[in-house]
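Structure record follows, encoded as structure tokens.
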Amino acid sequence: MTDPTTAYNPAYTDAKGRTTADRINAIQRGGGPLTPQQRADAMHLLESVLLSIGLHGFTIDDSDWVTDLPGACVDLVLHKAHREGTR
């Protein structure tokens with residue numbers, strides 16, 4: 001089985017050649033390091049969002065003009081862990 005934190009999906013690679021795993025792994029947040037499961041969850045969430053916006057003709061590079069989509073996915077995963085009391 002492929003490690004979800006280092007998986008390569010060319011459909012979600014940005015113009016600089018960074019994969020979704022690269023983008024998620026580059027994010028640093030306060031409160032301690034992300035767990036491997038949190039990184040995998042954020043990457044899967046990012047890929048789900050990219051699939052959705054791709055249906056409308058947008059890419060991760062387009063989203064970079066508007067927001068930090070990978071960072072937002074990490075923030076959502078961390079918020080969920082906080083809400084559930086697991087972080």
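How many of the residues making up region 31-66 are over 15 Å from K80 (Cα atoms) and surrounded by fewer than 16 Cβ atoms within 10 Å (Cβ to Cβ)?
Selection size over region 31-66: 18.
Can you name the residue in region 36-72 that is in a loop (DSSP other than H, G, I, E, B) and not aromatic (F, W, Y) and is also nearest to the chain's Cα centre (by Cα) among such residues?
For region 36-72, the residue satisfying everything is D68.
Considering only residues of region 67-87 that are without any contact (Cβ under 8 Å) to a residue 12 or more places away in the chain and small (G, A, S), which is surrounded by the fewest Cβ atoms within 10 Å (Cβ to Cβ)?
G85
Read-outs throughout are calculated quantities, based only on the coordinates presented, and are distinct from any laboratory measurement. Everything numeric in this text was worked out from a predicted model, so none of it was measured. All Cβ positions, even for glycine, are placed from backbone atoms using ideal geometry, and neighbour counts span all protein chains on display.
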